[in-house]
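Everything below concerns the one structure shown next.
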Amino acid sequence: MAGNIWVLAEASRGQFSEITFELLALGREVAGQAGAPLEAVLLGSNARELAQKLGAADAVLYADNAALADPVPESAAAALAQLIKERQPAAVLVPLTNISVDVGVVLAAQLGVPFLNYCKDLKAEGGNLAATCVLYGGKMEATVTVSAKPAIIGVLPGARSADAGRSDKVAAVTDVAVSLAEQKLRFKRYLDPAAGDVDITKQNILVSVGRGIQTKDNIELAQELADVMGGAVSGSRPVIDQGWLPLTRQVGKSGMNVKPKLYLALGISGAPEHQEGMRGAQTIIAINTDAKAPIFNIAHYGATVDLLELAPALKEAVEKRKQGA
Amino acid sequence: MDILVLMKVVPDVVEELEVGPDGKSLDTSFLRTILNERDDHALEQALILKDKHGGKVTLLTLDAPDIDDVLFTALAKGADRAVKICGVESVQSTQTVVRIFSEVIAKTPGLLPVDLLLTGVSAIDDLDGLMAAPIAQQLGWPYTGVVTQVTMADKTATVIKEFAGGVRGEYDVPMPAVLGIQAAEKPPRYVPVAKVRAAMKSVTIETVDAPAVEAMAGVEVQQMAKPQVAGHAEMLEGLPEEVAGKICELLAKRGLI
Amino acid sequence: MKHIAFQDIPVEPLRQTFVNIPPWAQIVTYVGGAAAMGVFCYGLWRHVQRWRTGKAEKVDWNWAERVKALLLYAVAQMRVVSDAYAGAMHLAIFWGMAFLAMATGIATVDWDVTYLLMDFQFLKGNFYLIYEAVADLFGLALIAGLVLAFYRRYVMKPKKLETPYPPTFGFDSAYLLLILLGVAVTGFVAEAARLAAQKLPWSAWSFGGHALAQAVWGMSQEGLVTLHQVFWTLHAVLALAFIALIPWSKAFHIFSSSASIFLHKLTPAGALAASEGVAGVTDLTWRQLVQVDGCTWCGRCQEACPANLSGQALSPKNIVLKLNGEMLHATKANGNGATARKLHGDVIAASELWACTTCMVCEQVCPVFIEQPRAIIDLRRHLVGQGEVDKGPQDALTKLQRYGNSLGQSDRARAKWTQGLSFKIKDARKEPVDYVWFAGDYASYDARVQNTTKLTANIFQKAGLDFGLLYEAERNSGNDARRLGEEGLFEMLRDKNMQAFEKVQWKNGNRIVVTTDPHTFNTLKNEYPWNGNRPSVVHYSEVLEQLLGSGKLAVARKLSGQRVTFHDPCYLGRYNNIYEAPRNVLKALGVELVEMPRTRERSHCCGAGGGRIWMEDTEKIAERPAESRVREAAALPGVTTLVVACPKDLVMFQDALKTAGLEGKLVIKDVIDLVEEATRPS
């Protein structure tokens, strides 16, 4: 398999997302198997300092262009397409996030190649890439051979640990030039969720509610429990969509990625998009009356009792212990 | 303001999914299909825009078992025209479907011009790519995905796209454009069975023949299987009070309370 | 036309109509009477005109039944008297007025027919004296009834008498009581004045007026003449005004309520009429319009309504009166069919309609046989037609349509519960059976109910019943989709089920469908056309009654230690009049049955019907219907078990025990649980 292994780095407003490092960790393995260098690609404007943090890669290709300052997928895709044409990598690993997925699919469309989707694992063998992809909402897994050149691969969050992709080494940055035409799409502004009182990504303990909470009033039960435990309340997408909790409390693909010491999931079924946001928690306890809920596959402990009874009972039990102690 | 909505059906995961005899695709004997949830939202978004701005909503889909129900339901909700592409295998890779759609859109008179082409941003069976971006590429139209809000004015659509952490982005897109819808502004509306039945009697679904297209090479499934569940939660038994007690113990042991 | 003076004393008791009234006044009276009748007839015609703006409806003109209903419920007022105070009060007023009207009628015949044309009066002698006494008796009864009514309305002030949406005018209730009181009192004062003026030997026969006359016995003759004339005039004016104004006040219920009773539903209570939904008041049928016009504002429906009692927006009384008001205030501009206001939104809020559980207690207690649930469902049908359905019910309807059950599980998994049994239940589509067991959604799919379902299967098997299931071909029966207002979905489910039944191989011509769920029971029995091949549809409590009665199910031990109470399911009791079968089962098992205060037709709904089980509580609920019911059961001394015969009751009451904090005090058991306990081999 000829060509380097590329990782598309994802940075938003001056910050790398965790998945960038997860992909570097995965890319390092694949590059090793393929016997090819691992290169990170960073597209931005005045972001060269950031490029230096990608030391886990053998080299960083940094393209600086004013048109790359804003998250306009067509610009990024056009830039990548130029770089690919010049440098002919074997594969490009694209983060499967809301920000980067459009870059990946537009790029694949421009190049006329497939975009391998839902990839959770990847290796190079026998001159090809072999991927494991998740299908049908997690009900099936497919082993797939990718022979397209270049192989544009969308990788799910959580494929590897981000720490394995971090490095203290200062990266070897190569400036590359791209010329970009005026794009039709115009980015106007970021819409930040109304400033919340609580940053759930900084909490040690999260009491998280899903559809099983049934009514807005019942969230009080979760709040009381969270208060007693010294934590905060968060929620899955349906709860936020109903308006029962603000956007800042949403855990999941479009919400926050949280890694608390304790994640107590009450009435959450555990759809893949939600799991993406909380699977990194140290201890996950799931309460759901449906014994088959996917949340139980990633939880450490679980129970099928009614959460409306468990929450007050747990609150009492914790209070008692705290008083006793 | 005319809108074209592309829809497809996907396996209904409420049923048990099994691997077929070839070991690399689904067993179709007990398979049921359901409209892709994101496409349902795309349809709803199209209808919301029609309610506001008038115009026509046209549906384009591949033939599949039970697709007529899907189309009549959409027509009863307010879509104006439904076109079904016949003569295809019902199971196709997404990129093959893209090619079929692109050909049909280009060659069938009356489908274009439209101001917007809406489709769901993703589906649970999109293995070799997503639908909207390649179609936009073929048409030469701008594209943006993960859209949760659309407003139209004159020649420009303003869309809101979801990022992460609750952050969203606002874009201006000149029309005509392709949008990959994540969620409509409101949940898909309800249409009573009586209206669907009325649609079945009063509206005909148009059909066109599928063009012969080459499948896109480069991605090949070797094997499909149910996922090995890496682990499972240790289940705590008993009444809520008992479970609460056990949880309390756990937490204490880990120094969390 | 003579002027009879007080001094013209007759030799024997004789009715002196128009005594002390000059001829010109007599003419005015006749003219006034004719005018009053004319105005009344015009008003009556206006009502009829309004009724005719409604849609067509076929009525079964079963004169025998309908006249019987008039006698029982309009004349004898059998439903009114279920409340002793209100019954006594209203009978006194009704019979008081009726008799006094008849007395006036008799007097008119005596004076204007027999005397005028045949020169002969029959109101004389003893007959006349008895006539006078009876008239006074009923006059006093009328006054007594009115006093009771005043006391009830203005001192006792029961909540059900509050009428925030009077279809006529705000003080109509006060007006009616006052004008009747005025008529009665002025009548007695005029009589008293006459008796005092004439001082006839037989005046004591008019004992009421005679007693009152003592107060003016010593007044001068001129004074009495004037007193009599003044009060006679007042009496005439008030009486004629009352008559003329009947069609514009709630007094019209005399006619419209009678019409409503006459037109009451003769088809089975559980058979709902189809319709396209009601967007405006003229979408109701003419018969429905007669019904809403017949409402007497009594409020018994509201008082019994579980939604209203739990603090929700619904009052069946207000729905009926709002519809009535819209009909009565219809303008020419709207074809005399409606006012300019929008029925949905301006007049009736969707939340009122969605709060209804269709328990039918309102219809059951209504003294004039108004079908409130039918009107509510008709209004719901319009909302569903517009797609204005909240998320909960929308999800349920979508799942029903797609999977044939409201729980959203695959239709293929419907019979999975049978996997735990030690025997295989026959597939009724493939093997001949006597009974087809139509289990229902909750019995088949809900983990909390499946145990009960398995027990039922075991019992049927033990009793040697030749039964089978429809397996995956069974669909939700459609009863609740229909009550939610989704008529098209009901038809679709109904047709699919009937298709499945066509495949059934019935043995020996016995065709019996046994159901576990009363909702299923109701619609299969009353609302499926069966296209001529109607099976006998029974509820499993009826089957158990038979099996225990015939000895096919033997009681191994009597459960005499258990003190239980039984909750009558709405769709078994009120909808289908089955109260005794489950009780006979319990009797056969030997339990001690204690009845709750709200028993049989007054059973208090668990709150799940009408699609409510799929809805989220959006309003603040004071006390859920199920909580109210379990508290009622727990309050019975020594009772430890609440017995149910419906899977929704089981689920609702088990939840209610937790939220009401009664978990140690009461358990919920299905009838089949007790049957199993009693018949289990030792």
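No value in this document is a laboratory result; all are computed from the given coordinates. If you're wondering where the values come from, they're calculated on a predicted model, not measured in any experiment. A quick note on method: Cβ atoms are made from the backbone with ideal geometry, for glycine too, and the neighbour counts reach across all protein chains shown.
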Next item on the list: Could you state the angle between the C-alpha long axis of helix A:219-229 and the longest principal axis of the C-alpha atoms of chain A, as a value from 0 to 90 degrees rounded to the nearest 10?
Entry: 90 degrees
Checklist line | Cysteines having no other Cys beta carbon under 4.7 Å from their own, within chain C | finding: C:Cys41, C:Cys295, C:Cys298, C:Cys305, C:Cys356, C:Cys366, C:Cys606, C:Cys646
Check: So what's the back-of-envelope 222 nm ellipticity for chain C, counting only DSSP H runs of four-plus at -39500 (n - 2.57) apiece and dividing by all residues, rounded to 500?
Finding: -15000 deg cm²/dmol
Next item on the list: Please compute the net charge surrounding C:Phe566, taking Lys and Arg as +1 and Asp and Glu as -1 over other residues with Cβ under 10 Å from its Cβ.
Entry: 0
Next item on the list: Would you work out the relative contact order for the stretch C:554-679, in percent, from Cα pairs under 8 angstrom that are 6 or more residues apart?
Entry: 33 percent
Notebook entry, point to check: Under 18 Å from a point 7 Å along the Cα-to-Cβ line of C:Thr233: which residues of the stretch C:31-72 have their amide N that close?
Noted result: C:31-33
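For every helix of n ≥ 4 consecutive DSSP H residues, a contribution of -39,500 (n - 2.57) applies; sum these over chain B, divide by its total residues, and give [θ] at 222 nm rounded to the nearest 500 deg cm²/dmol. Working shown, then result.
On the way: 6 runs with 74 residues, N = 257.
Per the formula, -9000 deg cm²/dmol.
Any idea what the alpha-carbon Rg over 2.2 N^0.38 Å comes to for the protein assembly as shown? Could you put the intermediate results ahead of the total?
Numbers: Rg = 39.3 Å, N = 1264, 2.2 N^0.38 = 33.2 Å.
Taking the Cα Rg and dividing by 2.2 N^0.38 Å, one obtains 1.18.
For the stretch A:99-185, compute the orientation-averaged projected area of the C-alpha convex hull (one quarter of its surface), in nm².
Result: a mean projected hull area of 8.6 nm².
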Notebook entry, point to check: Short version: ³J(HN,Hα) in whole Hz for each residue of the stretch C:183-191, in order, from phi by Karplus 6.51 cos²θ - 1.76 cosθ + 1.60 (θ = phi - 60°), x for Gly and Pro, what are they?
Noted result: 4, 5, 5, 4, x, 5, 5, 4, 4
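Going highest first, how would you order C:290-300, B:229-239 by mean Cβ packing within 10 Å?
Values: C:290-300: 24.3, B:229-239: 12.9.
Ranking the peptides C:290-300, B:229-239 by packing returns C:290-300, B:229-239.
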Next item on the list: Partner chain Cβ atoms within 10 Å, averaged over the residues of B:3-16 - can you pull that number for me?
Entry: 3
Check: In the calculated pair distance distribution of the stretch C:265-385, what percentage of Cα-Cα distances lie above 24 Å?
Finding: 20 percent
Item checked: Spin-label model distance (nm) - B:Arg197 vs C:Leu455, 7 Å beyond Cα toward Cβ -> 3.9 nm
Notebook entry, point to check: Which value results for Rg/Rh of the stretch C:74-121 when Rg is the Cα radius of gyration and Rh the Kirkwood radius based on the inverse mean 1/r?
Noted result: 1.30
Notebook entry, point to check: Over the alpha carbons of the stretch C:1-153, what is the largest minus smallest coordinate on each principal axis, giving the biggest first in Å?
Noted result: 58, 37, 33
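Can you give the calculated 222 nm mean residue ellipticity of chain A, where each DSSP H run of n ≥ 4 adds -39,500 (n - 2.57) and the sum is split over every residue, rounded to the nearest 500 deg cm²/dmol? Can you show the working numbers first?
Values: 9 runs with 95 residues, N = 325.
Rounded to the nearest 500, the figure is -8500 deg cm²/dmol.
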Margin query: Over the Cα atoms, compute the radius of gyration (one decimal) and Dmax (the largest Cα-Cα distance, rounded to a whole number) for the stretch A:1-131, in Å.
Written below: 13.6, 41
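Taking a quarter of the surface of the convex hull around the Cα atoms of the stretch B:3-209, what do you get in nm²? If you can, show how the numbers build up before the last one.
On the way: hull surface 49.2 nm².
Computed as one quarter of the Cα hull surface, the answer is 12.3 nm².
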Notebook entry, point to check: Rounded, prolate or oblate: which fits chain A, taking a ≥ b ≥ c as square roots of the Cα gyration tensor eigenvalues, rounded meaning a/c under 1.5, else prolate when a/b beats b/c?
Noted result: prolate
Checklist line | Angle between chain C longest axis and helix C:625-634 axis [Cα atoms, degrees, rounded to 10] | finding: 90 degrees
Note to self: What is the angle, in °, between the Cα long axis of helix A:307-324 and the longest principal axis of the Cα atoms in chain A? Nearest 10 is fine, range 0 to 90.
What the structure shows: 80 degrees
Margin query: With θ taken as phi - 60° and the coefficients 6.51, -1.76 and 1.60, list the Karplus ³J(HN,Hα) couplings across the stretch C:15-23 in order, rounded to whole Hz; mark glycine and proline as x.
Written below: 7, 9, 4, 6, 4, 6, 10, x, x
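Which order do the peptides C:630-638, C:479-487, C:204-212 come out in when sorted by mean C-beta neighbours inside 10 angstrom, highest first?
On the way: C:630-638: 16.1, C:479-487: 27.3, C:204-212: 19.1.
Ranked from most to least packed, the peptides come out as C:479-487, C:204-212, C:630-638.
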Item checked: Estimated distance in nm for a label pair at C:Glu580 and C:Trp217, the labels positioned 7 Å out from Cα along Cα-to-Cβ -> 6.1 nm
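Of C:Met1, A:Met229, how do they rank once you tally other Cβ atoms within 10 Å and put the fewest first?
Details: C:Met1 10, A:Met229 22.
The most exposed by this proxy come first: C:Met1, A:Met229.
I need the calculated FRET efficiency for the pair C:Met78 and C:Ala204, taking r as the beta carbon distance and R₀ as 41 Å, to the nearest 0.05.
On the way: r = 37 Å, r/R0 = 0.89.
The calculated FRET efficiency here is 0.65.
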Check: Taking the Cα-to-Cβ direction at A:Lys322 and at A:Asn204 and moving 7 Å from each Cα, how far apart do the two end points lie in nm?
Finding: 1.2 nm
Next item on the list: Work out the mean other chain Cβ neighbour count within 10 Å for the residues of C:486-495 and drop it here as an integer.
Entry: 3
Note to self: How charged is the neighbourhood of C:Ile578? Take every other residue with its Cβ under 9 Å from the Cβ of C:Ile578, and add Lys/Arg as +1 and Asp/Glu as -1.
What the structure shows: -3
Next item on the list: Give the shape of the stretch C:528-682 as rounded, prolate or oblate, defined through the alpha-carbon gyration tensor: a ≥ b ≥ c are the square roots of its eigenvalues, a/c under 1.5 means rounded, and otherwise the shape is prolate if a/b is larger than b/c and oblate if not.
Entry: oblate
Next item on the list: Kindly state, to the nearest 0.05, the FRET efficiency for B:Asp68 paired with C:Ile621, given R0 = 56 Å and r defined as their beta-carbon distance.
Entry: 0.85
Check: Which whole-number percent of Cα pairs in the stretch C:439-507 have a distance greater than 19 Å?
Finding: 47 percent
Next item on the list: Order these peptides, A:114-125, C:93-104, B:21-32, by their mean beta-carbon neighbour count within 10 angstrom, highest first.
Entry: A:114-125, C:93-104, B:21-32
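Per residue of C:378-389, count partner chain C-beta atoms within 10 Å of its C-beta, then hand back the mean as an integer. Walk me through the numbers on the way to the answer.
Details: counts 0, 0, 0, 2, 0, 1, 6, 4, 5, 8, 2, 4.
Taking the mean over all residues of the peptide, I get 3.
Can you tell me what the convex hull of the Cα atoms of chain C projects to on average, as an area in nm²?
Numbers: hull surface 143.1 nm².
Mean projected area of the Cα convex hull: 35.8 nm².
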Check: Expressed as a rounded percentage, what relative contact order does chain A have, with Cα pairs under 8 Å and six or more residues apart?
Finding: 15 percent
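How much net charge surrounds B:Phe163 when only the other residues with a Cβ under 15 Å from the Cβ of B:Phe163 are counted, with Lys and Arg +1 and Asp and Glu -1? Present the calculation step by step, with values, prior to reporting the outcome.
Values: positive: A:Arg13, A:Lys188, A:Arg189, A:Arg237, A:Lys253, B:Lys161, B:Arg168; negative: A:Glu10, A:Glu18, A:Asp70, A:Asp102, A:Asp192, A:Glu273, A:Glu276, B:Glu162, B:Glu170.
Value of the local net charge: -2.
What FRET efficiency do you get for C:Arg152 and A:Lys216 if R0 is 60 Å and r is their Cβ-Cβ distance, rounded to the nearest 0.05? Present the calculation step by step, with values, prior to reporting the outcome.
On the way: r = 42 Å, r/R0 = 0.70.
With R0 = 60 Å, the Cβ-Cβ based efficiency is 0.90.
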Item checked: Shape of the stretch A:200-324, Cα gyration tensor, a/c cut at 1.5 -> rounded
Check: Which whole-number percent is the relative contact order of chain C (Cα, under 8 Å, 6+ apart)?
Finding: 12 percent
